[in-house]
Amino acid sequence: MEKIECRIGICDDKQEDIIRIADVLKQSLKKTGQQIHLTCRGFSEGKKLYEASCREMFHLIFLDIEMPGMDGFALAEKLSLEWPQTYLVFVSAHESFVFDAPEYAPLWFVRKSNLEWDMFRAVRKYLQVTASMRVSYRLKEGFGFRELPLKDILYIECSGHSLSIRRTDGSWLKKYGSLKSMEEELEGCHFLRIHKNYLVNQQYIKEVGRREVYLTDQSALEMGRDRRIKVREAMLRYERERYGNQ
């Protein structure tokens, strides 16, 4: 069974609540039976979590709604604009906030008064909506093969008959072949051809500009002149599909 990597941020102005949320989260993940490599970081201020998200990618963030300074809703608005690939879960002691939460398209709403049950449902929902991202690509290596999770691929670059696979950790993998054949192999897995030399994982596209596509790792890739409209339309379909599952 593949081990799932999950980087999680928890933002709450009360340290005891951060600890409690993290503990219940770990218990909920164990109950799923999935093998998960969990990295969990706590933040007492929304500003600190936002600054951290500019340096590293969180897969899932738990936000307390009521916090001094930047509250959970204000932070969610910034995060959803900057890092749309990150899933958000609101946490609150006041159940009435659940009626305001949908505006920010969260994955789930967790009540502190019912933390164990709500947390398990939030974790289960996260694993359901990200299941397709955990599909692996079988990459030939020497005399054998290795499984490369699709979620670990940022983009694929072509140069002649050589393909360079850029991973989310900054490393590169090389293989021989054509980008067209790679595109055909990954059909239906949310990889988008933006240029004759680039095939990009839609999960990590942050913005489509006039001549470039900007990724969540701060890199910018050239976009083919005749592909801009198709790329924008593909991203709109991708966003509708993603949020339609929530």
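The values are calculated or read from the model by the stated rules, or taken from the named source; none is laboratory data. Just so it is clear, the model here is predicted, and its values are computed rather than measured. In this analysis, Cβ positions are derived from the backbone assuming ideal geometry, glycine residues included, and neighbour counts consider all displayed protein chains. Just so you know, the surface numbers come from the protein's heavy atoms only, side chains and all, with ligands and any DNA or RNA stripped out. Shrake-Rupley method; radii C 1.70, N 1.55, O 1.52, S 1.80 Å.
Given a 1.4 Å probe and the protein chains all in place, what does the accessible area of Glu147 round to, in Å² to the nearest 10?
Estimated to the nearest 10 Å², Glu147 gives 110 Å².
Answer with one residue from Gly72, Leu186, Ser159: the one whose Cα lies farthest towards the positive end of the charge dipole of the chain, charges on Cβ with Lys, Arg +1 and Asp, Glu -1.
Ser159
Which links in Lys151/Lys174; Lys48/Lys125; Lys14/Lys206; Lys14/Lys151; Lys48/Lys206 stretch past 24 Å when you go from one Cα to the other?
The answer is Lys48/Lys125; Lys14/Lys206; Lys14/Lys151.
Semi-axes of the equivalent ellipsoid of the chain: what are they in whole Å, largest first, if each equals the square root of 5 times a C-alpha gyration tensor eigenvalue? Don't skip to the end; give the middle numbers.
Values: eigenvalues 235, 85, 46 Å².
Ellipsoid semi-axes (Å, largest first): 34, 21, 15.
How many percent of Cα pairs in segment 107-223 exceed 23 Å?
Cα-Cα pairs of segment 107-223 separated by over 23 Å account for 40 percent.
How about segment 166-234: which trypsin sites (Lys or Arg not before Pro) there are in a DSSP loop, with at most 15 other Cβ atoms within 10 Å of their Cβ?
Here the trypsin sites (Lys or Arg not before Pro) that fit, given the DSSP loop and packing criteria, are Lys196, Arg210, Arg211, Arg225.
Of the peptides 25-36, 10-21, how do they stack up when ordered by the mean number of other Cβ atoms within 10 Å, highest first? The partial results should precede the final answer.
Working: 25-36: 15.2, 10-21: 18.3.
Top to bottom by mean Cβ count within 10 Å: 10-21, 25-36.
What does the convex hull of the Cα atoms of segment 1-94 come to per residue, in Å³, rounded to a whole number?
For segment 1-94, the hull spanned by Cα atoms encloses 92 Å³ per residue.
Quick one: length gained pulling Leu38 to Leu236 fully straight, 0.36 nm per residue minus the C-alpha distance?
68.2 nm is the gain from fully extending Leu38 to Leu236.
Nearest 5 is fine: what % of DSSP beta bridges in the chain come out antiparallel, could you say?
60
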